[in-house]
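Engineer: Questions regarding the structure given below will be posed in turn.
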Amino acid sequence: MAKKTAGFFDLHAEKLTLGLCIALVAGAAAYSLGGSRFAVNEMGPAQLVQSVGEAADSARQAVQSARPQETKSVKKDPSKDPVALMQKWYGESAEGLLKIAQVEPMLPRAVPFPPPYVAVSGDSAESRRNLAQIVSPSVPMVIVGEPVEMTFPNEIPTFEEYDGRPPGANAKKVKKPYVSVAAQVDLVEQDANFRTENYPDGSYLEVVQVHLQRKDVNDPRRGWEDVNTYLPFKPMTRPKFIDRGGGSFKFEGIDSFRRNVSTGAEPICRPKLPSTAASIPPVPYLDEPPKRTDNLSPSDAAREAERRAKSWIDRAKAAMGGKRPFKDRDYDAAYLLARSAAGTLGAPDKLVQSAKDLMQEIIRKMPKERREAAPAVARSPERLMPIVAHDLDALPGHTYVYRMRYEVFNVYAGNPGELSNPDDARKLTVFSGWSPESRPVEITGDTYFYLTRADEKKGEVTVTVFKVGRRGTEKNEYRIRIGEEIGRKEKRGTKGDFSTNALCVDIDFDRVVNGKKDVAMIYMDMTDGILRERILSLDRTDKVLEKLSEQKSASR
């Protein structure tokens, strides 16, 4: 029997059927995606895009071809007014793309707009930070000034009133000794602290106040006491903290306070004494502010760097030897000067190495406990910010040690969302640590007085006043009762002016000191109204009193 031959259809029927189905599905998809399903007002996606583009191009051309408005009021066609077109696209009443393209939406909105965006500080716990640690000042440099004439205004101006000019002709003139304490703040270390806590780039110290404390070596009963440091203006009024309840709070007036801190940085950190005869500690860039070098040629800039480094090295050597302008050997001052010289950028390598060797020599000569506060790391003086504070109330004949710290504006005050500890936002300011203790300094003057005897029955005390001058030391004794001035200007004889500008306001014959009955005289400094006291047992055994008495005997 003949063999049947299979045709093409028989062999490929299944494949043809499958191909036909695929073609039908592809055609349906093409019609669904590109057809009338996505047509709006008989316009497909391509036509909608073209319509919106034409509207945008029309607005662009209108703005580019706009001309200055005519002085006369002319009614314009809103469709050609460039300002109106800009407001239509970007104004508060912008209609949106659908209406601009004149397309009617097929369906109403299914959901409302989301709530308005509320700006908050910090968006996650990971992005919050602790307050950065504020670096402590360096070893302080202290100088004691001889009594000089100082000029004070009759009324101290507020910060807003202060203009930097000296007081007028009617100002008060008083001769006073003074103590100036200066230190350096390491801005490199502070920048590292800012970065550790993820502070914004460019963060810096906004100093609100420099604080100073002293401890009287003559009086072991007393610890550290706050010094009423001199400022040429009244302390700034600080923002008022307002607790709104429920954990909400604010600082009223914080913006203006921060502006004042910024504009008053120089007199806050480095106030000048009210006397042209007064000196200040020769801390680098305190007595001579930095000079701009960006407008100098490379050779001139190098010479300027060499000049500064040499000057600081010479002063460091003078401090080591107790030579002018230093009265005694001062290794603290020598260290600060040598360290800055060793870090002077642009100075000759040989000179820089000489400064480094000098710094190491100074550190070796320091007492062992002092070396810990004197890092042997050179630092560019441009990154060592000088601060200074003045004590005008130190008593002649007393020996003090000083320490200082500074207070800075908390940039996250009132902003708890940025901080890991929200309570830190309630702090308007934050403090640095205290500097190391200064070397002891004896306050010298031309007038000294001591409580030397007491008579309880008569209700009076005897005060011995010493006057030190070029011709020697003179003394006089005065019996003082409550309400009387201590000392006076003598009218007869060769004795001069023994006035102390002090007024006795109270005498305590029942004071107990170290478990024993003693006598205390409370007096007021009539220059500034500050109350102080003298203790009979302490004054009688004072070493300066003994030295002055010997000088008086030798001058006879």
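The values are calculated or read from the model by the stated rules, or taken from the named source; none is laboratory data. All values derive from a computational prediction rather than experimental measurement. Here the Cβ is made from the backbone with ideal geometry for all residues, glycine too, and neighbour counts use every protein chain on show.
Engineer: Considering Glu266, Glu369, which residue is modelled with pLDDT under 90 and part of a helix (DSSP H, G or I)?
Structural biologist: Every option except Glu369 fails the conditions.
Residue-wise test of (1) touching a residue at least 40 places away in the same chain (Cβ under 8 Å); (2) of a type outside the set (S, T, N, Q); (3) crowded, with 19+ Cβ neighbours inside 10 Å; (4) under 25 Å from Ile143 (Cα atoms).
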position: Ser438; (1), (2), (3), (4): yes, no, yes, yes
position: Glu442; (1), (2), (3), (4): yes, yes, no, yes
position: Thr452; (1), (2), (3), (4): yes, no, no, no
position: Glu456; (1), (2), (3), (4): yes, yes, no, no
position: Val461; (1), (2), (3), (4): yes, yes, yes, no
position: Arg470; (1), (2), (3), (4): no, yes, no, yes
position: Glu490; (1), (2), (3), (4): no, yes, no, no
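Engineer: Evaluate segment 192-214: report whether one residue or more is closer than 15 Å to Arg405 by Cα, among the basic types (Lys, Arg) and touching a residue at least 60 places away in the same chain (Cβ under 8 Å).
Structural biologist: yes
Engineer: What number of residues within segment 534-544 are surrounded by 15 or more Cβ atoms within 10 Å (Cβ to Cβ) and outside any loop (DSSP other than H, G, I, E, B)?
Structural biologist: Total satisfying the criteria: 7.
Engineer: Filter segment 383-396 down to residues that are among the aliphatic types (A, V, I, L, M), in a strand (DSSP E or B) and in contact with a Phe, Trp or Tyr (Cβ under 9 Å, 6 or more places away or on another chain) and give me whichever is nearest to Val142 (Cα to Cα).
Structural biologist: Only one residue tops the list, namely Ala389.
Engineer: Met404 - would you say it is hydrophobic (A, V, I, L, M, F, W, C), within 22 Å of the chain's Cα centre (by Cα) and under 21 Å from Ser203 (Cα atoms)?
Structural biologist: no
Engineer: Related question: Limited to segment 308-347, what total is found for residues that are under 16 Å from Met141 (Cβ atoms), part of a loop (DSSP other than H, G, I, E, B) and not hydrophobic (A, V, I, L, M, F, W, C)?
Structural biologist: Final tally of qualifying residues: 8.
Engineer: Among residues belonging to segment 209-251 that are outside any strand (DSSP E or B) and among the polar types (S, T, N, Q), point out the one that is modelled with the highest pLDDT.
Structural biologist: Thr229
Engineer: In segment 348-359, which residues are part of a helix (DSSP H, G or I), surrounded by 14 or more Cβ atoms within 10 Å (Cβ to Cβ) and of a type outside the set (A, V, I, L, M)?
Structural biologist: Ser354, Lys356
Engineer: Among the candidates Arg244, Arg238, single out the residue that is under 26 Å from the mean Cα position of the chain (by Cα), surrounded by fewer than 19 Cβ atoms within 10 Å (Cβ to Cβ) and either of a type in the set (A, V, I, L, M) or assigned by TED's automatic domain parsing to the domain that holds Pro177 (or both).
Structural biologist: The conditions single out Arg238.
Engineer: While we're here: Val441 - would you say it is farther than 30 Å from Gln551 by Cα and within 30 Å of the chain's Cα centre (by Cα)?
Structural biologist: For Val441, the condition - farther than 30 Å from Gln551 by Cα and within 30 Å of the chain's Cα centre (by Cα) - is not met.
Engineer: Considering only residues of segment 269-303 that are under 27 Å from Val139 (Cα atoms) and either among the small types (Gly, Ala, Ser) or not in a loop (DSSP other than H, G, I, E, B) (or both), which is farthest from the chain's Cα centre (by Cα)?
Structural biologist: Only one residue fits best here, namely Ala277.
Engineer: When the residues of segment 153-192 are narrowed to those that are under 13 Å from Ser275 (Cα atoms), in contact with a Pro (Cβ under 7 Å, 6 or more places away or on another chain) and surrounded by fewer than 19 Cβ atoms within 10 Å (Cβ to Cβ), which ends up modelled with the lowest pLDDT?
Structural biologist: So the residue we want is Pro167.
Engineer: Right, here's the next one. What is the residue count in segment 504-521 for residues that are within 29 Å of Lys173 (Cα to Cα) and surrounded by 16 or more Cβ atoms within 10 Å (Cβ to Cβ)?
Structural biologist: Selection size over segment 504-521: 2.
Engineer: Can you tell me which residue in segment 251-283 is farthest from Glu149 (Cα to Cα), limited to those that are crowded, with 16+ Cβ neighbours inside 10 Å and basic (Lys, Arg)?
Structural biologist: Arg258
Engineer: Kindly establish whether Lys176 is touching a residue at least 12 places away in the same chain (Cβ under 8 Å), closer than 23 Å to Asp330 by Cβ and among the charged types (D, E, K, R).
Structural biologist: yes
Engineer: For segment 137-165: of the residues being among the small types (Gly, Ala, Ser) and outside any strand (DSSP E or B), which is farthest from Tyr406 (Cα to Cα)?
Structural biologist: Among those that are among the small types (Gly, Ala, Ser) and outside any strand (DSSP E or B), it is Gly164.
Engineer: In segment 397-410, how many residues are outside any strand (DSSP E or B) and at pLDDT below 95?
Structural biologist: Number satisfying all stated conditions: 2.
Engineer: Does at least one position in segment 323-335 carry a residue that is within 30 Å of Ser262 (Cα to Cα) and either under 29 Å from the mean Cα position of the chain (by Cα) or assigned by TED's automatic domain parsing to the domain that holds Val544 (or both)?
Structural biologist: yes
Engineer: Taking the condition aromatic (Phe, Trp, Tyr) and modelled with pLDDT under 95, does Phe326 pass?
Structural biologist: When the stated conditions are applied, Phe326 passes them.
Engineer: Let me confirm something: among Ile387, Ile362, which residue is within 24 Å of Gln133 (Cα to Cα), of a type in the set (Val, Ile, Thr), crowded, with 22+ Cβ neighbours inside 10 Å and assigned by TED's automatic domain parsing to the domain that holds Ser256?
Structural biologist: Answer to the check: Ile387.
Engineer: Test Pro290 against the stated conditions and say whether it is surrounded by 15 or more Cβ atoms within 10 Å (Cβ to Cβ), in contact (Cβ under 8 Å) with a residue 24 or more places away in the chain and not small (Gly, Ala, Ser).
Structural biologist: no
Engineer: Also: Is it the case that segment 472-481 has a residue that's in a strand (DSSP E or B) and loosely packed, with under 12 Cβ neighbours inside 10 Å?
Structural biologist: The answer is no; no qualifying residue exists.
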